[in-house]
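The values are calculated or read from the model by the stated rules, or taken from the named source; none is laboratory data. Everything quoted here is computed from the prediction, not taken from an experiment. Don't worry about glycine lacking a Cβ; one is built from the backbone with ideal geometry, like all the others, and counts go over all protein chains shown. Calculation scope for accessible area: heavy atoms of the full protein, side chains included, ligands and nucleic acids excluded. Shrake-Rupley method; radii C 1.70, N 1.55, O 1.52, S 1.80 Å.
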Amino acid sequence: MAGLFDEPTISYVQVAVERAVDRYPNGLTYGVPERLAPIEAGQLVTVPLGRGNTPTEAWVLSTSDNPPTPSDTKETKQIISKNAETVSLPNDLVSLASWISSYYCSAIGPTLSTMLPGPVRKGTGLKTKTLLDVPTSPPLDTKITKKQEHVLACITALPKNERPIGVAHLMKIASLGSRGPIDRLCKHGFLSTHQVTHVEAAWFKRTIDNKEAPTLTDDQQKVFDAISPTLSNGYSCHLLHGVTGSGKTEMYIRLIDHAIKDGGKAIVLVPEISLTPQTAARLMGRFPNKQVAILHSALTKAQRHQQWAMAASGEADIILGARSAVFAPVPIDDLKIIIVDEEHDHSYKQDQTPRYHGRDVAIRRASSAKCPIVLGSATPSMESWWNATRRNISTLHTLPRRAPGLTSPTIEIVNMRIARAAAKGVIPVFSRELEHEIQRSLATGGQILLLLNRRGFAPWIACSSRGCDWMMRCEHCESSMVYHRRKPLEEVGFVRCHHCAKEQRVPKSCPDCSKPVIRLGAGTQKLEAIIRETIPLPDDQIARLDTDTARKSSDLHSTLDRFTRGEIRVLLGTQMIAKGLDVAGVTLVGVIDADTAIDLPDFRASERTYQLVAQVCGRCGRGSGNAKAIVQTYNPEAPAIVLAAQNKYEEFASRELQLRQETGLPPSTRMARFVIRDDTFEVTAGRANALYERLMSIVPPAIQLTAAAPCVLTRIADRYRFDLTASAPTARELQHFLGDARGRQYITNNRDLAIDVDPVSML
Ligand code: ADP
Ligand code: ZN
Ligand code: ZN
């Protein structure tokens, strides 16, 4: 085909179709007609696709002057148009997308689209404005007033590179009270006008935190002295292991300050939106003369576009955000440091394609930007610990002590088996020890945090008859239905499935034997009800925080603010409250059930339990006075719980790594997980086994393939699930195998198959 408009092709581009199939990892080649030149990598274009030449959006991956093979010049179709509204992605992000696409087995087109926020792509919030300049050939003999002459003199005096300028700007430098003189100059051709579209920069309001920079402790100084010289030394990776409250954030601030002094930029990743307000306030407070862009999912569309544009234009000095902020379009030469706070957090892994890990992509980005990256955590992931202590591909820095003025809480483990034995019947939510500490804390004016990692009122609805084992299950998932109350203190309720969100009414009696049904166990709603009924505090001094109460980020922020100001005395909730909170008044932390993670059939169950207990216990002892944490568990001997209570991370980590090594699990090996999904059990099993056979036929000896088996969650939203895993000694070997399987089209990421490289959840 000679092109839709019979124009000669002047150059070539390789493009990736947006909604695409995985078939052409290097892209499809199209010709560029003269009228569309130049076209650059990172732009969105429309190309004719397939036999019907359906106009289809595609990303430009690369450009070249010559056809791919000289003989098919005639065959090459031409691009139809370029997408004018969309900002293009910078080159380094296009390369990063190629890496993600290859490493995480995701098609390149959709991967690129993930990087560009929807509002940026659609041009949401774009405004047009008029800029003024001196025309190349001004009119010769029209009379102008003194004032107009002055205006012309002002704009002409500007250096060429500062023109064209906006109307308001010109009014200001010419000290005009109205725009009349400018309009008349334009009308008669003394000023030329240029229409440009742009997004207006809109910086978030600052809550300036006037805290002076503290004098660093010896430990902190040592860490700073070790990392800061690397700022001018190309890529390096650092793991900052510091107990909660040891000054990790202080370290980030000092390093950023150093890195951005001469126009450099910093990217700071935090796990979730809930952490952003406090961290943002601190960063902004400590950098009153720098601009901070904030990227997270709760922004409006226009705000997202603005923040993105501010990063792209280089106006923002610091970009703070959750996982996807790793794609902030900071000019690559300006990027001087990347910080990943709470690097162990699982929310850095995206659970839909591309299934990338924000931390690992950040490492990749730092390496191509040739700048240092600092991963910080009180409870580093086994992966990062392994990299720092065994593979020596990152440098370990330690802050073993809390910052001056902070105390270390006493942590007490309470064996709930004893409480259960004593109870004869209904198992109490609170042990006597915790009850006692709550009273003590309230009497001394302290604030209390209570963690229960289970939403709803009661996690199970079951039959009251001993001989009957009926339990209410979701009709669409392999899971139990959770009882929720409509309001905390009212009996009216419903049941909901936490996997597919379907709701049902509570049956009056058991469908199997007609005996009454009972509700078993406790979730955050029940905890709230008990607290409200038993603690003599005004209603508004008690609050619950979980995804049911914090539907909007503003709800979350206002609750956190009220807690920070001391207006809320008792805050209870799910792991949302386990992170980031830095409140001096907290004198008691209670973990209602430390076992919510420990029994999960996932090889990271222990690691997660350690993290949860250590993180939540770190929330107290930030003010003066005694602080205590009580950890209730049915597994009082479990190393994860015992060592977390003793704050012995290193001991826990080396035990855990030893176990992983003995069992051949990550991080001692690298894993890819394949989840096969289909509509019936038999079809799913059949497809899973067929995949296993196919992979077996090409698997190299170094790679371990597990046979296909039903997932722990066998069915979600009427889709059956089977999985199998491939483990390799190194990432390189795993990648080679995946590349081979992908090239043969044995595996492709789609609705029926999820390929998860470096999976963080095995459920
Ligand atoms: P982390 O990020 O490890 O939890 P932070 O940096 O938030 O620790 O520090 C905890 C608290 O201690 C903060 O309020 C911080 O301002 C304060 N702090 C940190 N370093 C010092 C120091 N050297 N002297 C006094 N206070 C400090
Ligand atoms: Zn369900
Ligand atoms: Zn029954």
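Applying D = kT/(6 pi eta Rh) to the range 670-757, where Rh is the Kirkwood radius over alpha-carbon pairs, T corresponds to 37 °C and eta to 0.692 mPa s, the Stokes-Einstein value obtained is 253 µm²/s.
Quick one: go through the range 381-414 and flag any residue whose amide nitrogen is under 11 Å from the point 7 Å out along the Cα-to-Cβ line of residue 650. Once the point is set 7 Å along Cα→Cβ of residue 650, 398-400 turn out to lie under 11 Å by backbone N, inside the range 381-414.
Could you compute the net charge surrounding residue 439? Neighbours are other residues with a C-beta less than 12 Å from the C-beta of residue 439; K and R count +1, D and E count -1.
Value of the local net charge: -1.
With a 1.4 Å probe rolled over the protein heavy atoms of all chains, the accessible area of 455, 184, 551, 732 falls in the order 732, 551, 184, 455, largest first. Cross-link candidates for residue 222: which lysines have Cα within less than 23 Å, leaving aside residues fewer than 8 places away along the same chain? Answer for residue 222, where 23 Å is the Cα cut-off: 211, 248, 261, 336, 648, listed by chain and number.
The residues of the chain present an accessible area of 46 Å² per residue when probed at 1.4 Å with all protein chains retained.
The range 126-199: percent of C-alpha pairs farther apart than 15 Å? In whole percent, the share of Cα-Cα pairs in the range 126-199 beyond 15 Å is 51. Our estimate of slack between residue 146 and residue 91, defined as 0.36 nm per intervening residue step minus the Cα-Cα distance, is 14.8 nm. Amide H contacts for residue 239 (H built 1.01 Å from N in the peptide plane; partners 5 or more residues away or on another chain; cut-off under 5 Å): 375, 395, 396, 397. Here the chain carries DSSP beta bridges of which approximately 55% are antiparallel, counting only pairs with both residues inside.
Shown in residue order for the range 223-236 are the 3J(HN,Hα) couplings computed by the Karplus curve 6.51 cos²θ - 1.76 cosθ + 1.60 at θ = phi - 60°: 5, 4, 5, 7, 8, 4, x, 6, 4, 10, 10, x, 6, 7 Hz (x for Gly and Pro).
Here r is the Cβ-Cβ distance between residue 736 and residue 706 and R0 is 25 Å; the resulting FRET efficiency, rounded to 0.05, is 0.85.
Quick one: net charge of residue 381's neighbours, Cβ under 11 Å, K/R +1, D/E -1? Once all neighbours under 11 Å are counted, the net charge is -4. Charges on Cβ only, +1 for Lys and Arg, -1 for Asp and Glu, centred on the Cα centroid of the chain; of 443, 755, 497, which one is farthest towards the dipole's positive end? The Cα lying farthest towards the positive end belongs to 443.
What full-extension length gain, to one decimal in nm, is calculated for residue 184 and residue 494 as 0.36 nm per residue of separation minus the Cα-Cα distance?
104.7 nm
For the chain, build the charge dipole from Cβ charges (+1 Lys, Arg; -1 Asp, Glu) around the Cα centre, then report which of 632, 39, 190 sits farthest towards its positive end. Of the candidates, 190 comes out farthest on the positive side. If each of residue 34 and residue 533 carries a label point 7 Å out from its Cα toward its Cβ, how far apart are those two points in nm? Here the modelled spin labels are 8.4 nm apart. Local charge for residue 400 was computed over the other residues whose Cβ lies under 14 Å away, with Lys and Arg +1 and Asp and Glu -1, and equals +1. Short-range pairs are left out: with C-alpha atoms under 8 Å and at least six residues apart, the relative contact order of the chain is 11 percent.
Can you list the lysines whose alpha carbon is less than 24 Å from that of residue 160, not counting same-chain residues fewer than 8 positions off? Within reach: 129, 146, 147, 172, 187. Counting only protein heavy atoms and a 1.4 Å probe, tell me what percentage of the chain's accessible area is made up of carbon and sulfur. Looking at the chain in its full context, I get 50 percent from C and S.
Hull volume per residue, based on the alpha-carbon atoms of the range 517-578 and their convex hull, is 96 Å³. In the range 9-116, Cα pairs under 8 Å separated by at least six residues give a relative contact order of 33 percent. Each residue, residue 541 and residue 436, gets one label point 7 Å from its Cα in the Cβ direction; the gap between the two is 2.3 nm. Counting only aspartates and glutamates at least 8 places from residue 122 when in the same chain, those with an alpha carbon closer than 20 Å to its own are 18, 40, 57, 85, 200.
Consider all pairwise Cα distances in the chain and report the whole-number % of them above 51 Å.
23
Taking the centroid of alpha carbons for each part, the range 370-445 and the range 483-506 are 31 Å apart. Relative to the current alpha-carbon distance between residue 486 and residue 46, full extension at 0.36 nm per residue lengthens the span by 153.4 nm. Highest mean packing first, where packing is the average number of other Cβ atoms within 10 Å per residue, the peptides 476-486, 237-247, 655-665, 553-563 line up as 237-247, 476-486, 553-563, 655-665. Here the range 670-757 is assigned +1 on the Cβ of each Lys and Arg and -1 on the Cβ of each Asp and Glu. Its dipole about the Cα centre then comes out at about 200 debye.
For the range 458-521, the relative contact order is 38 percent, taking Cα pairs closer than 8 Å that sit 6 or more residues apart in sequence and dividing their mean separation by the residue count.
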